[in-house]
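This report refers to the structure that appears directly beneath it.
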Amino acid sequence: MKRITRELHVSRNTVRKILRSGETDFTYEREHQPLPKIGPWVEHVDRFLLANEGKAARERLTLIRIYEEVRALGYDGSYDAVRRYAKTWSKARGSVTAEAYVPLYYAPGEAYQFDWSHEVVLIGGVTVTVKVAHVRLCHSRMMFARAYMRESQEMVFDAHDRAFAFFRGTCTRGIYDNMKTAVEAVFVGKERLYNRRFQQMCSHYLVQPVACTPASGWRCCATHA
């Protein structure tokens, strides 16, 4: 027994238990991880981690910085404890997000998205920038695009007219990315103040305008609820 204890670096009690039981495999799984040092400071670490989620990658606090911030509040534990807790927190957060995911579905004729892009083209040997209006059906992803020299309100109306003729109909909702030719004011959430002429166009086609999250671009069709 002494030789086994010495060579395998296990306690005598463990060796004795195995010899008496006849078992050859013992595992230990801790059901609850105690947090003696970081426990009282978990709320503060959570606050920093949650704040990070809403920031761009370059603006987020590193774990070292979070550790320093919590230390400034009075935490006297190790950085490794903060690191381990943050790792566990991230895994748990990811599991909750995955469970909450619901695939988004659009019925035929339910919605389209309108947006602009700037493209550089060669016309008559001269390089120019044109504005391209994109209209995409959210159900089928069918796309209509038309280029213009300007991004004016008249071009917005013309693009809608030609797109609906191409699709041979309209949708009940139109999703827009807060373009200046349509939106006069952006409020909290998805509340917007649309200008009079744009509202008249939507009324003419019986379309309900819906606002995208600012700067979401074509991701809006995939995330808009």
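The values are calculated or read from the model by the stated rules, or taken from the named source; none is laboratory data. From a predicted model like this one, the values you see are computed outputs, not experimental measurements. With ideal geometry, Cβ positions are generated from the backbone for all residues, glycine too; neighbour counts draw on all protein chains shown.
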Which one is nearest to R196 (Cα to Cα), of the residues in segment 102-117 that are among the hydroxyl-bearing types (S, T, Y) and not in a strand (DSSP E or B)? Y106
Got at least one residue in segment 111-126 being of a type in the set (S, T, N, Q) and surrounded by fewer than 11 Cβ atoms within 10 Å (Cβ to Cβ)? no
Is it true that some residue in segment 53-61 is surrounded by 12 or more Cβ atoms within 10 Å (Cβ to Cβ) and over 19 Å from C212 (Cα atoms)? yes
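Residues that are buried (at least 17 other Cβ atoms within 10 Å of the Cβ) and either at pLDDT 90 or above or in contact with a strand residue (DSSP E or B) (Cβ under 9 Å, 6 or more places away or on another chain) (or both): does segment 89-108 have at least one? I'd like the intermediate steps shown before the answer.
Restricting attention to segment 89-108, the residues satisfying the condition of being buried (at least 17 other Cβ atoms within 10 Å of the Cβ) are 106.
Keeping just the survivors that are either at pLDDT 90 or above or in contact with a strand residue (DSSP E or B) (Cβ under 9 Å, 6 or more places away or on another chain) (or both) gives 106.
Yes, segment 89-108 contains a residue that is buried (at least 17 other Cβ atoms within 10 Å of the Cβ) and either at pLDDT 90 or above or in contact with a strand residue (DSSP E or B) (Cβ under 9 Å, 6 or more places away or on another chain) (or both).
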Checked segment 161-187 for anything in contact with a Cys (Cβ under 7 Å, 6 or more places away or on another chain) and of a type in the set (S, T, Y); matches are Y176
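So which strands (runs of 3 or more DSSP E) stay within segment 118-225 end to end and still have 1 or more residues that are at pLDDT below 85? Even if it seems obvious, please write down each step before you answer.
Details: elements: 126-137, 143-148, 173-176, 183-186, 192-194, 208-211.
Result: 183-186, 192-194, 208-211.
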